[in-house]
1. Treat the count of other C-beta atoms within 10 Å as a stand-in for reagent exposure and order 44, 56, 65 from fewest to most.
2. Mind pulling the angle between the C-alpha long axis of helix 5-18 and the longest principal axis of the chain? Nearest 10 degrees, somewhere in 0 to 90.
3. Quick one: length gained pulling residue 52 to residue 19 fully straight, 0.36 nm per residue minus the C-alpha distance?
4. Could you tell me the distance between the Cα centroids of region 1-52 and region 92-128, to the nearest Å?
5. Could you work out how far apart the two model spin labels at residue 37 and residue 117 are, taking each label as a point 7 Å from the Cα in the direction of the beta carbon, and quote it in nm?
6. By counting other Cβ atoms within 10 Å of each Cβ, how are 3, 25 ranked from fewest to most?
7. Given N residues in the chain, what is Rg(Cα) / (2.2 N^0.38 Å)?
8. Assuming 0.36 nm per residue, please report the length gained on full extension of the stretch residue 29 to residue 84 beyond their Cα-Cα distance.
């Protein structure tokens, strides 16, 4: 049983990229699917699909490589189940001077750092990617 589905998801992506796998299967949750949508929109993954096996759903993520190098250099969990990190929209800082993406869980859904600033909403700082 996994208590931190987001942490498990990010770790599986890191490990699969280091092992040069083309795809990775993860535990499904709506929050993880929202993070996948952002990663796809920002160009960090090729695609993803939801697989329904009857008992439970899984998420298959197709990883992106550019000339044999993973598109994701680093993906890190910020807010953890033991220590939650919350930010107001005025406290949001760009990741790697705007080259990376911070992912926030807000009252308007899961948003990137740029979207959260535009909508003027803060929330839980889930992770960052670059």
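1. Least to most surrounded, the residues fall as 56, 65, 44.
2. Helix 5-18 sits at roughly 60 degrees to that axis.
3. 9.3 nm
4. 18 Å
5. With each label placed 7 Å out from Cα toward Cβ, I get 2.3 nm.
6. In order of increasing Cβ crowding within 10 Å: 3, 25.
7. Ratio of Cα Rg to 2.2 N^0.38 Å: 1.04.
8. Working: separation 55, 0.36 × 55 = 19.80 nm, distance 1.89 nm.
17.9 nm is the gain from fully extending residue 29 to residue 84.
Laboratory data are not the source of any read-out in this text; all were calculated from the coordinates shown. The structure presented is a predicted model; accordingly, all values stated were derived computationally and were not measured. Cβ sites come from the backbone with ideal geometry, for glycine too, and all protein chains shown count toward neighbours.
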